[in-house]
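Following: one structure in structure tokens, then a few remarks.
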Amino acid sequence: MNWDAKDLATLKQLWTAGQSAAQIARRLGHSRNAVCAKLLRMGLKRGHKPPTANPKIIARPSLAACHRPVEKVMSSHKPKPKEFTKRQLCEMLAEAAANTARLLR
């Protein structure tokens with residue numbers, strides 16, 4: 001179904017009046033998803049609803065205030081990477097070349 005100018009005007013009027021997308025869809029003969037998509041494309045948004053209840057805010061002690069002894073001190077030293085000999089590097093290179101040649105066949 002296409003949206004004509006009359007439908008768009010009705011959509012805008014009903015939306016600003018506070019009707020839901022489902023109510024508007026039933027009235028205009030479109031699906032709720034079609035109404036929601038059209039509202040999105042038109043840039044019509046409804047503001048956030050105010051909370052219906054007054055939430056109680058309870059102050060709780062912060063966990064950072066707990067004083068516990070540190071059991072283990074972690075070192076910031078990073079281990080050295082494994083060092084290879086020249087012979088090991090040549091063997092790894094030869095193996096990689098052989099694997100590459102095998103893949104290209």
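Kindly rank 88-98, 30-40 from highest to lowest mean number of other beta carbons found within 10 Å of each residue.
The most tightly packed comes first, giving 30-40, 88-98.
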Seminar exercise, completed: Between the modelled labels at residue 77 and residue 40 (7 Å from Cα along Cα→Cβ) the distance in nm is 5.7 nm
For this session: Sum up the charges of everything whose Cβ sits under 14 Å from the Cβ of residue 8, counting Lys and Arg as +1 and Asp and Glu as -1, but leave residue 8 out.
Result: +3
For this session: Using only protein heavy atoms and a 1.4 Å probe, report how much of residue 44 is accessible, in Å² to the nearest 10.
Result: 40 Å²
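The values are calculated or read from the model by the stated rules, or taken from the named source; none is laboratory data. Since this is a predicted model, take the numbers as computed values, not measurements. Counting neighbours? That spans all protein chains shown, and the Cβs are built from the backbone with ideal geometry, glycine included. SASA here: full protein model, heavy atoms, side chains in, ligands and nucleic acids out. Shrake-Rupley method; radii C 1.70, N 1.55, O 1.52, S 1.80 Å.
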